[in-house]
Every structure is written in C-alpha cells, then in structure tokens.
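Comments concern the structure below.
The values are calculated or read from the model by the stated rules, or taken from the named source; none is laboratory data. In this text, all values refer to a predicted model and were calculated from it rather than measured experimentally. Backbone-built Cβ (ideal geometry, glycine too); neighbour counts: all protein chains shown. Areas reflect the complete protein model, heavy atoms only, side chains present, ligands, DNA and RNA absent. Shrake-Rupley method; radii C 1.70, N 1.55, O 1.52, S 1.80 Å.
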Amino acid sequence: MQLRLFSDTKYRLDRVGHVPILFPFWGRGQVGDPSHDIFATYLEIGPSLFQMTSLEEADLAILPSDWKWYRRHGQEQLAFEFVSLANRAGKPVVVFLYGDVDEPLPFDAYIFRSSLYRSERRVHEYALPSWPSDIVSENLNGNLVIRSKQSKPTVGFCGKAKWDRQRRLRYFARLGAELIGVKEKKYLLRGHHLNLRVSVLRRLSKCADINTNFVLRTRYWGGSYSSQSDSWNLDLKEQVRKEFVDNMVESDYIVCVRGEGNYSVRFYETLMCGRIPLFIDTDCVLPYDFVIDWKKYCVWVDYKERSTVARQLIAFHEALSDDEFIELQRQERTLWEQWLSPHGFFSNFHRHFEEFGKQEGAALNDYTPT
C-alpha cells in the first residue's frame, strides 16, 4: 500500500534537518560509508512505499522536523502553522519525536515517539524504534553469529550501570528537589533507570545457574563522548564499541533496561544481532504491539517483579529445545529486518492507519517471522 505524503521545507528546521521518513525525497545528508548506512535499503524502496504530493491529494501531512527541536529552538509557532495548514485541509498530521522526551504534544496528531508509557498512552500514539548502526553489517561482515544452547544461559550487558560520585550527588539532589516540590516528581514516581539496572544485574550475578558477562561503566559510551565540548575521543569510542559488540556476540541473552527515556536502544541492537532480549518492562510500549506478540521473543520481566528475574530467565531458557534456541536467534534478526529496521518499519507504516478490529487485523496478531 502506497501512502501519499505532504510536507514542506518551509516548515523544516534546517539546522537539524528533516525526519527519516522524508530521506528518500529530500536527501540523507552525510552518512560516512554508504555500504554501512542503515537507511540504504529504505532510500531505495521509499518511493515505492510513499509518494510526495500536494496537500490536497495527500493522505498524511508530515511535520518535517522532529518536534523536540521546535521546542528546544523556540520554533513551536512554525510547527503550529504547519498543523493549522493541515487541519484546514482536513489532513491528519504525523509527528516524529526521537529521544528521551515523553511530554504530551499540544495538538492532535499521529505521534511516533521513542519514549512512551503504556499507562499514559494517548490515542494515535505509537512506539518508534531506534536506528543505531547495524552491528551485523558493520561489525560482523554481514554474518549472523548463531550460538548453540548450553545448560546454563549466558546473559550479557555492556554499558552504564555504576554510579560515580558526581552523578550520585546529582541524583540525590534531584530527589530532594522533588520531595520539596521544586521539580516534577519524575524520579520519585518512576524510579531512576540506573538504580533499576544495578538491581537487575546484581540479582543475576548472584545466581549460580546463570553465567554473567557484564561490563559495567560509570559514563555514557565509556567516557568517549564529552557533553561539555560536544566531541568524541574517536580512539576510545572505537575501543568501547568493540567491547560492546564482543559482549553481545558472546552472550545468549542481553539485559535491556530503559535509559533516561522509557525505551532501550540496546533492545534493538540485541534483536539485530540475533540475541534474545531479557527485557525489563517499565510500562513500555514497543513498536507494532498491535501486530507482534513481543513476549514470544523476549524474556519479559515486569520491573515490579525484578526479584524473580533470574528464575524467569532460567525457566525461559530451559523451555527451549536446542533447535528452538537456534531458531529463535534467527527469528530475532528476521523480526528486526522485517519490522524494526528503517525499511521494515516504513514498509509496514500503513498498518498504523488501518482498522485493526477486522479479520485482517486478527490475522496479523498471529505474525511469526519467516
């Protein structure tokens, strides 16, 4: 199904560019090595999925830049003008919102966002996958590494999961500000992601029936990125990335816990590598949840039940035969390619605008990767 799209560069924030759905029509920008561009396939097939048209002929009006940048650059009025233009023409607006922002939007639209809470989800709000580089293509020469089943599951994690003194002080300062009413009760009500990660990893480490493969860091990207100078130590970044990939490849399951926003980039990296997510559900919404039974592809643990995380992992692992364990790894990769990669996500994009209560929708709930 080809959707007709309208957008207009007049309403784009040129300093930040346009959203990925428009890449095949307005350009991709600088990408480094084109052979490793995760958007390469979507750039090829995009014109077969979407057609850019006039507003009068369009099915959807696409806000050209990410909503958060209109807010951060004080350009909300530009976005409001675009929404008003679409409303006058009777066209539904589509907004993309990447990153940690989870605040509601001040207008009606189809909203695709990275950070979303199931209990607070509004009508026409959908989860948006993260699109880091494809590890299999870029780091593994295109070869999916398949692991054989062992008696003990090996669970991996490589990333920020330790406090340094400065960040611990900042955390408690934030909690104090929330207690006295100076700050919105975000940490108090929802807990802090780093505490949650530490809690889960400790419980797994204490279980003798699980092999743990943990690389715990105190800083984002192992300290290779400096937020003060907005720059990277490229040598350190390369080393940190290699350690991350090695940890992924040498594990059966990967712990996936939210970051500052209520989503995990690591979750999508796990799927693309054919690894099984040990997914800690913090009131999350995952992409195409109206199609995919996510609990078939994850060790799904409610964060309120994290005390049982080791037991749930062992039960999941023991329930798989040797062949099923191998097949599940292939299915994780296929799931990512068909639904969560840029070309997979946008190939199925039209499904968000269909009525899912019909017979076609019921059939979709039985989806199994092929």
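Quick notes
- Pairs where the first residue, in region 319-348, is closer than 13 Å to residue 144 by Cα and the second is part of a helix (DSSP H, G or I) and hydrophobic (A, V, I, L, M, F, W, C), C-beta under 9 Å, 6+ apart: 332/271; 332/272; 333/136; 333/271; 333/272; 336/271; 336/272; 337/272
- Residues satisfying the stated conditions in region 116-130, i.e. of a type in the set (A, V, I, L, M, F, W, C) and surrounded by 19 or more Cβ atoms within 10 Å (Cβ to Cβ): 116, 127, 128
- Boolean, residue 119 is within 17 Å of the chain's Cα centre (by Cα), in contact (Cβ under 8 Å) with a residue 24 or more places away in the chain and within 26 Å of residue 192 (Cβ to Cβ): no
- Residue match in region 52-70 (condition: polar (S, T, N, Q) and open to solvent by 70 Å² or more (accessible area, probe 1.4 Å)): no
- Residue among 172, 279 that is among the aromatic types (Phe, Trp, Tyr) and at pLDDT 90 or above: 279
- In region 206-219, the residues that are open to solvent by 70 Å² or more (accessible area, probe 1.4 Å) and either in a helix (DSSP H, G or I) or not charged (D, E, K, R) (or both): 208, 216
- Selection of first residues in region 220-249 that are open to solvent by less than 70 Å² (accessible area, probe 1.4 Å) and of second residues that are of a type in the set (Lys, Arg) and modelled with pLDDT of 90 or more, restricted to Cβ pairs under 7 Å at least 6 apart or on distinct chains, gives the following pairs, ordered by first then second residue: 248/275.
- Strands (runs of 3 or more DSSP E) completely within region 242-338 that count 3 or more residues being not β-branched (Val, Ile, Thr): 276-281
- Residues being hydroxyl-bearing (Ser, Thr, Tyr) and farther than 17 Å from residue 301 by Cα - total across region 244-267: 1
- Set 302, 252, 289: member being surrounded by fewer than 17 Cβ atoms within 10 Å (Cβ to Cβ), farther than 15 Å from residue 129 by Cα and either of a type in the set (D, E, K, R) or within 13 Å of the chain's Cα centre (by Cα) (or both): 302
- Hey, residue 11 of a type in the set (Ser, Thr, Tyr), in contact with an Asp or Glu (Cβ under 8 Å, 6 or more places away or on another chain) and surrounded by 16 or more Cβ atoms within 10 Å (Cβ to Cβ) or not: yes
- Residue, farthest from residue 270 (Cα to Cα), within region 98-133, restricted to residues that are touching a strand residue (DSSP E or B) at 6+ places or on another chain (Cβ under 8 Å) and acidic (Asp, Glu): 108
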